[in-house]
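Participant: First the structure, then my questions, so here it is.
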Amino acid sequence: MTQLVDQTVLVTGANRGIGREFVRQLLGRGVAKVYAAARDPQTIVADDPRVVALQLDVTDAGSVARAAQIAQDVSVVVNNAGIARGVSVLDSDTATLRGELETNLFGTLAVASAFADRLAERSGVVINMASVASWLPSAGSYGVSKAAVWSATESMRLELGPRGVQVVGVHVGFVDTEMVASLDVAKSDPAGVVRQVLDGVEKGAVEILADDFTRAVRAGLHQPVEARLAALQP
């Protein structure tokens, strides 16, 4: 279990949505510092002296290296930065899928790798934001990228767990953020999602399912593939 009081945290994609909410709630839990990272640090709301706006493009190796050099005191990493395009996996132009993989998968891995040794030294935490789409073929290219994040998180846990790092995978459905603002679907409150994640971290959880739909999908993964696909038919 990891108490968040006095921890130093890096949050990627911290300028909006779930990332911004992570920053707000971490401050409320008494962290010592939050490196609020975004491609454009001027978009970071830093109205608390504990917030340090940090330039970070998770798809740029040089940017990741510079961020790791600046934020040497980090003990908790929140891999939140992500994009969603959701095109067909059979699209002949693979640029969209590659873009999602670059941000959602390789960006997550790059940041985790850059901070892994420091997290191990501090018995720290890495939180990877996956999705219920990890288990839903109807999510197209986005689902492919998030399924890869799920698998990578499992592998990361095997490597970092013995070194004392708590590796947490978070899965959730639609959340009421700019990313899905145009969709007329039921959405979770970002504050409730982040609260579940931080509560789970402090209780020692390694997988957090943040809504009822996600919990139901996760519980059904043991079913034959035919049954799971049938459940997705209109």
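Participant: Based on what the data block shows, is ASP57 within 26 Å of LEU160 (Cβ to Cβ) and not in a strand (DSSP E or B)?
Facilitator: Judged against the criteria, ASP57 is a match.
Participant: Quick one: which residue in ARG66, ARG39 is more than 22 Å from ALA120 (Cα to Cα) and either surrounded by 13 or more Cβ atoms within 10 Å (Cβ to Cβ) or basic (Lys, Arg) (or both)?
Facilitator: ARG39
Participant: Still on this structure: Scan the stretch 2-55 residue by residue and report those that are more than 17 Å from ALA81 (Cβ to Cβ) and at pLDDT below 95.
Facilitator: Matches in the stretch 2-55: THR2, GLN3, ALA46, ASP47.
Participant: Can GLY107 be described as crowded, with 16+ Cβ neighbours inside 10 Å, under 25 Å from HIS171 (Cβ atoms), in contact with a strand residue (DSSP E or B) (Cβ under 8 Å, 6 or more places away or on another chain) and modelled with pLDDT under 95?
Facilitator: Spelling it out, it is not the case that GLY107 is crowded, with 16+ Cβ neighbours inside 10 Å, under 25 Å from HIS171 (Cβ atoms), in contact with a strand residue (DSSP E or B) (Cβ under 8 Å, 6 or more places away or on another chain) and modelled with pLDDT under 95.
Participant: Select, from GLY86, GLY13, the only residue that is open to solvent by less than 30 Å² (accessible area, probe 1.4 Å), in contact with a helix residue (DSSP H, G or I) (Cβ under 7 Å, 6 or more places away or on another chain) and either touching a residue at least 12 places away in the same chain (Cβ under 8 Å) or within 28 Å of ALA205 (Cα to Cα) (or both).
Facilitator: Checking each option against the conditions leaves just GLY13.
Participant: Specify the residue that is least open to solvent (accessible area, probe 1.4 Å); the eligible residues are those in the stretch 18-36 that are farther than 17 Å from VAL197 by Cβ and not basic (Lys, Arg).
Facilitator: Per the stated criteria, the residue is TYR35.
Participant: With under 20 Å from VAL167 (Cβ atoms), part of a loop (DSSP other than H, G, I, E, B) and open to solvent by less than 10 Å² (accessible area, probe 1.4 Å) as the only criterion, which of VAL78, VAL74 stands out?
Facilitator: VAL74
The values are calculated or read from the model by the stated rules, or taken from the named source; none is laboratory data. Here the structure is a predicted model, which means the values were calculated and not measured. Please note: Cβ atoms are built from the backbone with ideal geometry, for glycine as well, and neighbour counts cover all protein chains shown. Surface areas here come from the heavy atoms of the whole protein model, side chains and all, with no ligands, DNA or RNA. Shrake-Rupley method; radii C 1.70, N 1.55, O 1.52, S 1.80 Å.
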